[in-house]
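Report on one structure; see the data block that follows.
The values are calculated or read from the model by the stated rules, or taken from the named source; none is laboratory data. Note that this is a predicted model, so its numbers are computed, not measured. Cβ placement follows ideal geometry from the backbone for every residue including glycine, while neighbour counts extend to all protein chains displayed.
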Amino acid sequence: MTTRPPLPPFTLDTALAKVQAAEDAWNTRDPERVALAYTEDSTWRNRDQFLTGRAAIVEFLTAKWHRELDYALRKELWTFHGDRIAVRFQYESHDASGQWWRSYGNELWQFTGEGLMSRREASINDVRIDRAERRIFGPRPADRRSDAPSPDVRTIGGLVDRPGR
């Protein structure tokens, strides 16, 4: 079976690395690459849609990135325990008419022992923005990556607190 490090049970460092790897993959906007992080029978809830399996994930992401143009994402670790990670995120994109959107959300992830995501639940809200209000441009700069924690990172009951970020 394929493994996808880091593997559970997660530590602060491995949870941060897992979140950054997901952000990096999603920012490629390559549905096939992104889908490899999920089990063959992975179950998803994305807003009001329910999906099962990699083929459905690829189909979903292909349609998503056809609609959500110039998509750029930021994910942040919220908390973790054992084989589960919770993240909060925001992304920006525009539609075919040129209208920009900022989407805010939370995801709950569950992983197999091999490090593949077997379950993803996402709740997402969209806000219409003007192009001048954009604040996410392309991949995260190296000095702002979540897999390279700065000395100001501390955990409180599993919650990651990153003052100033």
Restricting segment 120-139 to residues that are within 17 Å of the chain's Cα centre (by Cα) and of a type in the set (A, V, I, L, M, F, W, C), the residue that is nearest to ALA37 (Cα to Cα): ALA122
One residue from GLU121, GLU76 being farther than 15 Å from ASP24 by Cα and at pLDDT 95 or above: GLU121
Scope segment 91-104; condition of a type outside the set (Gly, Ala, Ser) and surrounded by 18 or more Cβ atoms within 10 Å (Cβ to Cβ); matching residues: TYR91, GLU92, TRP100
Test: SER123 is out of contact with any helix residue (DSSP H, G or I) (no Cβ under 8 Å at 6 or more places or on another chain) and surrounded by fewer than 17 Cβ atoms within 10 Å (Cβ to Cβ): yes
Helices (runs of 4 or more DSSP H) wholly inside segment 1-87 containing at least 2 residues that are among the small types (Gly, Ala, Ser) and surrounded by fewer than 13 Cβ atoms within 10 Å (Cβ to Cβ): 54-67
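Quick grid of which residues meet (1) within 13 Å of LYS18 (Cβ to Cβ); (2) modelled with pLDDT of 95 or more; (3) among the aliphatic types (A, V, I, L, M); (4) in a loop (DSSP other than H, G, I, E, B):
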| site | (1), (2), (3), (4) |
| --- | --- |
| TRP101 | no, yes, no, no |
| GLY115 | yes, yes, no, yes |
| ASP152 | no, no, no, yes |
| VAL160 | yes, no, yes, no |
Segment 24-49: number of residues that are over 26 Å from SER97 (Cβ atoms) and more than 17 Å from the chain's Cα centre (by Cα): 2
